[in-house]
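Visitor: Take this structure, written in structure tokens, and hold onto it; I'll ask about it next.
The values are calculated or read from the model by the stated rules, or taken from the named source; none is laboratory data. The shown structure was predicted, so the numbers you read here are calculated from the model rather than taken from an experiment. Don't worry about glycine lacking a Cβ; one is built from the backbone with ideal geometry, like all the others, and counts go over all protein chains shown. To get the accessible areas, we keep the full protein, side chains included, count just its heavy atoms, and leave off ligands, DNA and RNA. Shrake-Rupley method; radii C 1.70, N 1.55, O 1.52, S 1.80 Å.
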Number of protein chains: 2
Amino acid sequence: MNIGEVAAQTGLPAKTIRYYEDIGLVTAGRGANGYRVFQNTDAHKLTFLGRARALGFSIEHCRELLALWEDRGRASADVRAVALGHLDDIEAKISALAAMRDTLSELVQNCAGDGRPDCPILKGLEGP
Amino acid sequence: MNIGEVAAQTGLPAKTIRYYEDIGLVTAGRGANGYRVFQNTDAHKLTFLGRARALGFSIEHCRELLALWEDRGRASADVRAVALGHLDDIEAKISALAAMRDTLSELVQNCAGDGRPDCPILKGLEGP
DNA sequence: CCTTGACCTTCCCGTGACTGGAACCTCTAT
DNA sequence: ATAGAGGTTCCAGTCACGGGAAGGTCAAGG
């Protein structure tokens, strides 16, 4: 398989696949013409990576998960630990964003939003 | 005021203040020794910027907000529009993160998390 | 007067995870 | 023969800074 076919199959841009090869997440053989040659297993790895990334796992977490995925003797506890750590990260981000949203939406609600210059949003940004 | 004092007053790192000067968000005079000299108005601007950044506004949005803040003839509607746009961004991010959290936490809940290799999390990442 | 230490300066590199583009090579179809 | 699609490498840029080097400046103490 050439890179374009793998890209179509996995939904990842070819650029991203090259990048993943570059940083050692996947390996690809080479044909006589210098083109990358992918096996089905590589395509599966890339699908796995695409899904993990879509769930917000960092590249380093993906590397760990990929290693666990390929390790037949893994303990599911190790996988779960990585996932739980990431869940905590996600929750923290959601909390931070929700706090921003709450503060900001309160400011917005108090703002007339008309032609006059008086603006509680700007006042809220000035200071407490 | 030297940069250190402004940093202490605004809570922004000196590096950040220099960066903001670099990209033209604030301006600073210079003393005979080459040190930056800040006026109170600069410190207020920086406080404003720090608060806007803390609410997640991008630097470019901060630039707009700062311009509106300094424009006595502004329409509060313009401020509100910027804020509403940002609120949408925040909501979108929260939704995306919540979707990740939901998917991931379901996988985690189905995972025994023991010494055995069987792992629904990895299976979920493989494909549907 | 000299030193110490805190503070300031500029400059350059690195971050994460790609994305865009340039310049060039290879394959397939007409 | 040529056009176009697809492949290759390499370099630069993104966003908003942070780290650290190399060096100038200031106030206090010996």
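Visitor: Kindly evaluate A:Gly29 against the criterion of being more than 10 Å from chain B (Cβ to nearest Cβ) and within 24 Å of B:Arg101 (Cα to Cα).
Guide: No; evaluated as a whole, the condition is false for this residue.
Visitor: Can you pull out the residues in the range A:91-128 that are part of a helix (DSSP H, G or I), open to solvent by 70 Å² or more (accessible area, probe 1.4 Å) and among the charged types (D, E, K, R)?
Guide: Scanning the range A:91-128 gives A:Glu91, A:Lys93, A:Asp102, A:Glu106, A:Lys123, A:Glu126.
Visitor: Does B:Asp88 qualify as being more than 7 Å from every other protein chain (Cβ to nearest Cβ), open to solvent by 20 Å² or more (accessible area, probe 1.4 Å) and of a type outside the set (Ser, Thr, Tyr)? Steps first, answer last, please.
Guide: Details: more than 7 Å from every other protein chain (Cβ to nearest Cβ): yes; open to solvent by 20 Å² or more (accessible area, probe 1.4 Å): yes; of a type outside the set (Ser, Thr, Tyr): yes.
Yes.
Visitor: Can you list the helices (runs of 4 or more DSSP H) lying wholly within the range B:1-59 that have 2 or more residues being open to solvent by less than 90 Å² (accessible area, probe 1.4 Å) and near DNA strand C (Cβ under 10 Å from one of its atoms)? Write out each step before concluding.
Guide: Numbers: elements: B:3-10, B:14-22, B:40-54.
So the answer is B:3-10, B:14-22.
Visitor: From (1) outside the structural domain of A:Ala7 (by TED's automatic domain parsing); (2) within 16 Å of DNA strand D (Cβ to nearest atom), pick out the condition that doesn't hold for A:Val82.
Guide: The failed condition is (2).
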